[in-house]
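Written out below as structure tokens is the structure these notes cover.
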């Protein structure tokens, strides 16, 4: 209730909703209250934000974020990670379960949810583990997590594959009770023992153990058939190969209830980057070939792939400043995701800003079942909808500096690269979390 | 083709008479031949014969000079086979200035079949300058055998010694300033016809101002 | 040349220069006094994260014959085994003033990282990294081949001329065995190709890497065919590690059914030896599994140059250390690498 009196009424003047004709969007009381003609007069008690030339999108929703807390606060905390998310235009993130302790009980997910809520940068929706300790043996307390204050709907052992087919079947069935979804990290473990990078021409030359595409595709194929058999909802994390796109396309053609995500880095980077043994480019699933990059772009453009999710994976410097084999898998992505999607999909003419809103907001919110209720995300930019808005300057260009990002880690693969687009402002239920491209530290006690 | 200022190249190709380059011919073909003949006689004289003598040329131009001396010894000393008394001694790995230059290519070391133990080794080089090459050569010799004596023959002694080393046989003493460059041209090593003129190369000792396009200066 | 990390970085002229230099080094090693003063005052560190007594001794001998100071830094019994990072080890060596670091590491790319991360100024020599490269092994193999096979007169005459300055053009080389895990094979494929030889890899399909089709060589699964049809000038047998026979975990991951079947199909024995032309040499990087990839008859035959490979290893490593360390590094840095 307090936010209605503390937060100013913002008028986003001349913003182009989803890239359409400019209007003035009025945000008050946590919702979009009015859509006026562009550059209408502003009342004395309203705060004008010049959005001329900016595209307005619904607040972005990440279905796949590693916040590292609890356990690895030296790499990222819930506060630093969600601040980075806001800077990247997000208003909600799903925090993956592979923390220490693992998010496999109601206690852990509620703690993460609460810290996220208190930080106030974005809505934090914890992902629950499928199996106890991500060990792949015994189902975690999925029901308790679903019923907790965190209302967990997405379950994943991400980082590890739910390899045991019977465990996967049980999980798929069990989450039906509360319309949950199992998000699978598709990696056949026996085919990827010791794997370091994509198996192919480059791995053969570099002498790094290969991570074959089939290890991903075989699990996806099995899981879509399982989902069909038990009539459950399946989500495929960070799909990375042309073959995976084909399998998802086939499964959707059969009417199987499967959704799929691709990461920004798999939309643009290839395994050629491993040639200098720079562990910044070590990630799981690994960077694939140019043909795979083209296939996932195509899949995203034609709707086979439903969403873009960051798989933001911060790591300490010591985990990356070493020989390739000793380095940790993963790269950060929250602050570059929108730019990469703009570069690869919008600027190339393959997608519209409305499509971007779909793959980075509406669809992930729908998959996570956070698109309804008082904290609904991924809603259209219409009167009466929650005021979760991000303003993007599509004409801006910026050079990424890994050392000056909001995330606590520096392992961005785009350090030193120029990317298009810049998040100018982010609003979470009418409260500005980012203005002028910089995070807005909130007044203590104010919670949206 | 033009006979004007020489195009810089890796080999001495300048026309000696061209005054615009400041290159002067100090010894010509005939003088070099005469000097070698005289040295050969001095070697025989000094060593009371040539049968215990081994001539070791220091690459690059010391090697053909040693071979020419061996032929002359054979004409003085009947029965001497030139190939039996001549060899080459690469001193690269014994130099004290390796780290001051880009990596040098290592040459071959070949000794006559009879070796050098108990022999009189005459080191043969084209230009004697600082003496550092000879110092390296003395170290190299001590690693490959124990000669009775070591003597030194140089086609040109240009002075500026940095070590207590003096030649036993000299073709020509050539007082120079440090700003000058002395180069030796021999048909065996520099024999491909002049690029600019197509004329055959002849033996010569040249003197010029640094820096020049020539590369055959006796190494310091 | 600033570092020696991979044979893929070596141009033909670089490779020939190393072989020619090695020939001069080898000539000095028949003398009574084998030690040369060339690298006096230089410090070479042998940084071995993986046990390899042979390779370490070879590098140590090479460095000592050139009068360099040698420090052996073995992962066992050092802080490395207590979890010190490669970076901290490197910084330590830098502080000690190492001029060259010879590194053996189980992780592919570790020498590349050491050379390029900015931790050390020293020249880095890759003495074997994971499944990636072992460039001095390939160079000593090429040196051995050149010595035996280049300059041979027509019709298999046994007189070999001076190969200085020559490459391996026209030679046919069969490399047999565990190509997948072999840094020796990778190094040799690149180097031998650069030197003009024609390489055929022979292995069971399980031991050939995915992606091999882009390598500059032929691949065959049939040793008898290759020996009979290509009449190789050299046959190089690769070591088969015992663990390849069992695979990881609960079996099933083994790369071939059992040692007997491997030997039957890919071992070099007396019968296969008889298929070879008279001049063909038999090579092995050592250590050998007698009775597995090579029979005693083949290993001890007059064609086998395996012991000579070891001796040539010292000469080649002397040449590499000489070329990396003897010159003025600041002038070299502008050039290669």
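Quick note: the coordinates plus some simple rules give every number you see, no bench work behind them. Given the structure is predicted, the values throughout are model-derived calculations rather than measurements. Note that we place each Cβ from the backbone using ideal geometry, even for glycine, and neighbour counts take in every protein chain shown.
General remarks:
- Mean partner shielding of peptide A:15-21, defined as the number of other chain Cβ atoms within 10 Å of each residue Cβ, is 0.
- Tensor-based shape of chain C (alpha-carbon gyration tensor, a/c under 1.5 rounded, otherwise prolate or oblate): oblate
- Computed extension length for residue A:257-residue A:48: 70.9 nm, one decimal, from 0.36 nm per residue of separation with the Cα-Cα distance subtracted.
- Most simply put, the protein assembly as shown has about 35% antiparallel DSSP beta bridges, counting only bridges with both residues inside it.
- Angle of helix A:165-174 to the longest C-alpha principal axis of chain A, folded into 0 to 90 degrees and rounded to 10: 30°.
- When the helices of chain C are scored as -39500 (n - 2.57) per DSSP H run of n ≥ 4 and the total is divided over every residue, the value at 222 nm lands at -11000 deg cm²/dmol.
- The stretch C:184-217 versus the stretch A:112-190: alpha-carbon centroid distance in Å: 46
- For the peptides A:164-170, C:261-267, the ranking by packing is C:261-267, A:164-170, with the highest mean count of neighbouring Cβ atoms within 10 Å listed first.
- The angle between the Cα long axis of helix C:53-65 and the longest principal axis of the Cα atoms of chain C comes to about 50 degrees, rounded to the nearest 10.
- Packing-based ranking of B:57-69, B:167-179 yields B:57-69, B:167-179, ordered from highest to lowest mean Cβ neighbour count within 10 Å.
- For chain C, relative contact order (Cα pairs under 8 Å, six or more residues apart, normalised by length) works out to 21 percent.
- Here the label points at residue B:71 and residue A:417, each 7 Å from Cα along the C-beta direction, are separated by 6.9 nm in the simple model.
- Fluctuation leader among C:213, C:293, C:308 - chain C, Gaussian network, Cα springs under 10 angstrom: C:213
- Computed over chain A, the per-residue total of -39500 (n - 2.57) for DSSP H runs of n ≥ 4 gives a 222 nm mean residue ellipticity of -7000 deg cm²/dmol, rounded to 500.
- Exposure proxy ranking, count of Cβ atoms within 10 Å, fewest first, for C:64, B:119: C:64, B:119
- For the stretch B:29-176, share of DSSP beta bridges that run antiparallel, in % to the nearest 5: 5
- Shape of the stretch A:346-448, Cα gyration tensor, a/c cut at 1.5: oblate
- Between the stretch B:63-130 and the stretch C:272-317, the alpha-carbon center distance in angstrom: 38
- Largest GNM mean-square fluctuation among A:75, A:15, A:326, using chain A with Cα springs under 10 Å: A:326.
- GNM on chain A, alpha-carbon springs under 10 angstrom: the most fluctuating residue among A:333, A:299, A:378 is A:299.
- Working from label points 7 Å from Cα in the Cα-to-Cβ sense, the residue C:85 to residue C:11 distance is 3.7 nm.
- Among A:271, A:179, C:218, the order by Cβ neighbours within 10 angstrom, fewest to most, reads A:179, C:218, A:271.
- Counting, for every residue in C:106-117, the Cβ atoms of other protein chains within 10 Å of its Cβ and taking the mean gives 6.
- What the pair-distance distribution of the stretch A:29-135 shows, using all Cα-Cα distances binned every 5 Å from zero, is 2, 12, 19, 18, 13, 10, 8, 7, 6, 4, 1, 0 percent.
- Taking all Cα pairs closer than 8 Å and separated by 6 or more residues, the relative contact order of the stretch B:49-150 comes to 34 percent.
- Per-pair calculated FRET efficiency, R0 = 45 Å: residue A:276 and residue B:165 via Cβ, rounded to 0.05: 0.30
- Estimated FRET transfer efficiency (residue A:395, residue C:169; beta-carbon r; R0 45 Å; 0.05): 0.20
- Spin-label pair residue A:302/residue B:199, simplified geometry with 7 Å Cα→Cβ offset, distance in nm: 7.8
- Shielding by partners - mean other protein chain Cβ count within 10 Å, residues of A:190-203: 3
- Considering only the stretch C:135-309, percent of DSSP beta bridges that pair antiparallel, nearest 5: 5
- Prolate/oblate/rounded call for the stretch A:59-367, Cα gyration tensor, a/c under 1.5 rounded: rounded
- Fewest neighbouring Cβ atoms within 10 Å first, the residues C:67, C:30 line up as C:30, C:67.
- Crossing angle, helix C:183-194 versus chain C [Cα axis fit, 0-90 degrees, rounded to tens]: 90
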